[in-house]
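Here's the structure, in structure tokens; my notes come after.
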């Protein structure tokens, strides 16, 4: 997925020409989405299913949320299995991801990353994936994305939003970045997880104050302490995530000198030719190649030792709202 068009991110004020031209298609998109959700079928498995989804097209912080939630549930002694569609992978599944045998081209970069933390399955058919996870001994299933997918009953639905990006221009695809309107999605969600700095979170919550929404939990993405000092380090950073600029800003906040920031499309393949070009530029600038954990799963084998990874983890301001929601479903 390439970087989204600029007009998607404009504040929801007077619509520009492209938004007006695409508005009829957005209306069709909404009608199709509503029809799909009504159609079902909603298959229910015995294990509780927790969906971590979003209303936006592109990244909002779902993967770090899935990892943090899985760890939180595992601390309670539960066998947690994650089920993902495996976007970008060639396998249809259900297949249990094995980082020793699979690569990102087979199972997708996000499942490969999540599999380092807990049992993870990829399945184009989420119902089939949940059944396979349950048969393999899952006490609880965390669904990575799939909030708009009607094939599987969700016991708890968490909608994740990036407080800085918010809902962009507030329009549905293709006129905007939304899979569905906030008022539609909020009506089905059990919890809203807002990720960002304190000021960004406050601003976003003020923006949606007049829209009925579920209980709110707040969190921020924080760099993982690895013992490495980034202060004064010259780096050439590249990222193919939903919002690459967020990664670049994190590096600058750690004191790194970002001599070049290369934004790539979400899930974009890191071909040997692309990596060689980036490496050559880094050498000319006297900089170290740096990327995200998710991007690192797509690196060609001979580049893995030549690229530094900056890991981040989700930190909840308060687990209380999530724990309350988990209690409501018997966890």
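When 172, 192, 224 are checked against the criterion of being more than 23 Å from residue 322 (Cβ to Cβ) and in contact with a strand residue (DSSP E or B) (Cβ under 6 Å, 6 or more places away or on another chain), 172 stands alone in meeting it. Every residue in the stretch 295-331 that is in a strand (DSSP E or B) and free of Cβ contacts under 8 Å to residues at least 24 places away in the same chain, please. Of everything in the stretch 295-331, just one residue is in a strand (DSSP E or B) and free of Cβ contacts under 8 Å to residues at least 24 places away in the same chain, namely 309.
Looking at the stretch 167-247, the strands (runs of 3 or more DSSP E) lying wholly inside it that each contain 2 or more residues that are within 25 Å of residue 156 (Cβ to Cβ) sit at 191-195, 216-223. Taking residue 119 as the residue in question, decide whether it is free of Cβ contacts under 8 Å to residues at least 60 places away in the same chain and closer than 25 Å to residue 300 by Cα. Taking the combined requirement at face value, the residue satisfies it. Can you find even one residue in the stretch 31-41 that is in a loop (DSSP other than H, G, I, E, B), in contact with a helix residue (DSSP H, G or I) (Cβ under 8 Å, 6 or more places away or on another chain) and either closer than 29 Å to residue 128 by Cα or modelled with pLDDT of 90 or more (or both)? No - not one qualifying residue is present in the stretch 31-41.
When residue 290 is tested against (1) under 23 Å from residue 223 (Cα atoms); (2) at pLDDT below 95, just one condition goes unmet, and that condition is (2).
Exactly one residue out of 108, 77, 88, 93 is without any contact (Cβ under 8 Å) to a residue 40 or more places away in the chain and under 24 Å from residue 266 (Cα atoms): that is 93. Restricting the search to helices (runs of 4 or more DSSP H) fully inside the stretch 70-150 and requiring at least 3 residues that are touching a helix residue (DSSP H, G or I) at 6+ places or on another chain (Cβ under 6 Å) and within 30 Å of residue 33 (Cα to Cα) gives 109-114.
The values are calculated or read from the model by the stated rules, or taken from the named source; none is laboratory data. Fair warning: this is a prediction, and the values are worked out from it, not measured in the lab. A quick note on method: Cβ atoms are made from the backbone with ideal geometry, for glycine too, and the neighbour counts reach across all protein chains shown.
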